[in-house]
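Peer 1: Got a structure for you, questions after.
The values are calculated or read from the model by the stated rules, or taken from the named source; none is laboratory data. Quantities reported herein were computed from a predicted structural model and do not represent experimental measurements. As a convention, Cβ positions derive from the backbone with ideal geometry for all residues, glycine included, and neighbour counts pool all protein chains shown. Keep in mind that these areas ignore ligands, DNA and RNA; they rest on the heavy atoms of the full protein, side chains included. Shrake-Rupley method; radii C 1.70, N 1.55, O 1.52, S 1.80 Å.
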Amino acid sequence: SPELPMSTRELTPYALVALVGLLVACAPSPESTPTAVDVVTAHASHASVPNGELTAQQKQAIAELRNATVKFHDFAYATSANGGGYTNQYPAGCAASATGAQGGHYLNPSLVDDKVELLKPELLMYEPGPTGQMNLVGEDNVVPLNLSPTAPTLLGVNLSALGAPLNVWAVHIWAWRPNPLGAFAQWNPKVSCADYTP
């Protein structure tokens with residue numbers, strides 16, 4: 001298990017239980033580690049997020065998110081324990097569907113708790129490039145289902161419940177790759193897993 005970027009002594013008992021549960025779920029085990037296929041199945045089974053025209057407040061918030069995450073274009077920095085802390089690829093693989101793709105998801109375990117914070121996304125999404133580069137395309141904001149009995153909201157959008165194997169409330173924000181399906185859509189037809197190599 002990778003070393004966490006913050007001391008577990010700084011976590012409340014409630015947050016520690018949630019973090020331990022998520023880390024167990026993230027542990028590499030062929031029986032329990034979700035793959036891109038699992039993600040396609042999970043995402044296909046829930047209702048899509050409304051994708052109307054963005055409000056002025058949503059546009060401003062996404063601009064703030066871009067400012068907060070611009071440093072994560074440096075994939076090595078984002079995925080290092082001493083940098084961004086997005087050290088765990090979860091789920092494994094590159095998520096794609098007939099509607100589009102999401103790319104690879106990289107989790108910062110220290111950010112997983114019972115709240116969703118715009119400027120501290122729990123996961124970053126990267127599209128594999130043809131020369132091995134990883135291109136930041138968006139953020140994935142999640143709250144474990146067991147920590148919130150009702151759907152949290154972010155920027156006026158309800159997070160969607162994703163069942164097993166992920167068991168989270170989730171919403172994507174396509175801050176770094178325009179999405180014709182909407183800024184909060186699950187899939188992006190302008191993202192591809194064509195250059196992904198396991």
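Peer 1: Relative to a virtual label point 7 Å from the Cα of Leu118 in the Cα→beta-carbon direction, which members of the stretch 145-159 show backbone nitrogen distances below 16 Å?
Peer 2: 153-159
Peer 1: Would you mind working out the magnitude of the charge dipole of the stretch 103-182 relative to its Cα centre, with +1 at each Lys and Arg C-beta and -1 at each Asp and Glu C-beta, to the nearest 20 Debye?
Peer 2: 100
Peer 1: If you roll a 1.4 Å probe over the heavy atoms of the protein chains, what accessible area per residue do you get for the stretch 78-170, in Å²?
Peer 2: Using a 1.4 Å probe on heavy atoms only, each residue of the stretch 78-170 averages 35 Å².
Peer 1: Further question on the same structure: At 7 Å along the Cα-to-beta-carbon direction for both Gln60 and Asn135, put a label point, then send me their distance in nm to one decimal.
Peer 2: Between Gln60 and Asn135, the label points sit 3.1 nm apart.
Peer 1: Another one. Add +1 for every Lys or Arg and -1 for every Asp or Glu among the other residues with Cβ under 14 Å from the Cβ of Thr69, and state the total.
Peer 2: Around Thr69, the charge tally is -2.
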